[in-house]
Amino acid sequence: MAGDYDASEFVDSDFQAHKAPRSPGATPDPYRAPTREDVDRQVVEAQQKLVELKRAQDELERERAALEDLRRRQTEFQNGRQEMIQNLTRGLGLLEAAEFNARRDAGQMAKTIEEFRDAMNKLQAVNEESWTKDNFNVELTRGLTVIENSRMEWNSARLKLPVLSGEAMQQAEADKAGAEASHSPLADIDFLDLCKLGLAITWPLALILLAAVVFLALQLAHR
């Protein structure tokens, strides 16, 4: 006895699956060829991805530039701080030494001023008109002693304070003379005057050389 007829036995399920239209929410068939709409959609998606990647790249470039500027400023800060610390340390040492010497010189000057004033008062206190025949030798000896003490004060102060011997003024005059000596007398002459001066110096030599050339030419012509 033959079995019941089943129509599904003569239907190709793969063919029906490819032939049946795909609903919007259905999973895309990997075996189906892409349509024009699929390609357009993929192009749009690729362009959007490129725009997003370009935006991300620009953002990264800005971030990199900001980081490089920050690194440059940090390096400038570190180098500048180290440089100024070294300069200020050296400057403090030099100024402290100069201040110490200035204080010492100022103290020495103040002491010398007092000694000079005392010696001046003693010299001015010597009154020759009050000398008499009886005390002449004693007063003269006393006056010479005052003068000798003043001379000793003066010579001692000159060794301690160079300003009293005029060394500073002499050094300034020597520097001025050296600067004037190093100044060339031709420095203030312009180019045209220099050319005229050079021609005035060299034309006799040029004339002698020309005469020698003419003489040699005549000698060769006679031969």
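Read-outs throughout are calculated quantities, based only on the coordinates presented, and are distinct from any laboratory measurement. Everything numeric here is computed off the predicted structure, so don't read it as measured data. As a convention, Cβ positions derive from the backbone with ideal geometry for all residues, glycine included, and neighbour counts pool all protein chains shown.
Using a ≥ b ≥ c from the Cα gyration tensor of the range 73-156 (square roots of the eigenvalues), is it rounded, prolate or oblate, where a/c under 1.5 gives rounded and otherwise the larger of a/b and b/c decides, a/b for prolate?
On the way: a/c = 11.47, a/b = 6.85, b/c = 1.67.
Note, shape of the range 73-156 comes out prolate.
Could you rank the peptides 72-79, 155-162, 103-110 by their average count of other C-beta atoms within 10 Å per residue, with the highest value first?
155-162, 103-110, 72-79
Please compute the modelled spin-label separation between THR35 and GLU63, points set 7 Å along Cα→Cβ, answer in nm with one decimal.
Placing both labels 7 Å along Cα→Cβ, they lie 4.1 nm apart.
Contour minus end-to-end for LEU88 and LEU164, with contour as 0.36 nm per residue of separation and end-to-end as the Cα-Cα distance? Intermediate values should be presented prior to the final figure.
Numbers: separation 76, 0.36 × 76 = 27.36 nm, distance 3.44 nm.
23.9 nm is the gain from fully extending LEU88 to LEU164.
With only Lys, Arg, Asp and Glu charged, each at its Cβ (+1 for the first two, -1 for the last two), find how big the charge dipole of the range 37-101 is about the Cα centre; round to the nearest 20 debye. Kindly include the intermediate steps, with their values, before the conclusion.
On the way: 11 positive and 15 negative charges, 72 e Å.
It comes to approximately 340 debye.
With a Förster radius of 25 Å, plug the Cβ-Cβ distance of THR141 and ASN121 into 1/(1 + (r/R0)^6) and report the FRET value to the nearest 0.05. Please report the intermediate quantities before stating the final value.
Values: r = 19 Å, r/R0 = 0.77.
My answer for the efficiency is 0.80.
Could you tell me which of VAL51, ASN87, PHE77 has its Cα farthest along the dipole of the range 37-101 towards the positive end, charges placed at Cβ (Lys, Arg +1; Asp, Glu -1), taken about the Cα centre?
ASN87
Using label points projected 7 Å from each Cα along Cα→Cβ, tell me how many nm separate LEU50 and ALA97, to one decimal.
With each label point 7 Å from Cα toward Cβ, the separation is 7.1 nm.
Which shape class, rounded, prolate or oblate, goes with the range 37-101 when its Cα gyration tensor gives a ≥ b ≥ c as root eigenvalues, a/c under 1.5 marks rounded, and past that a/b bigger than b/c marks prolate? Can you show the working numbers first?
On the way: a/c = 16.88, a/b = 13.76, b/c = 1.23.
Because a/c hits 1.5 or more and a/b exceeds b/c, the range 37-101 counts as prolate.
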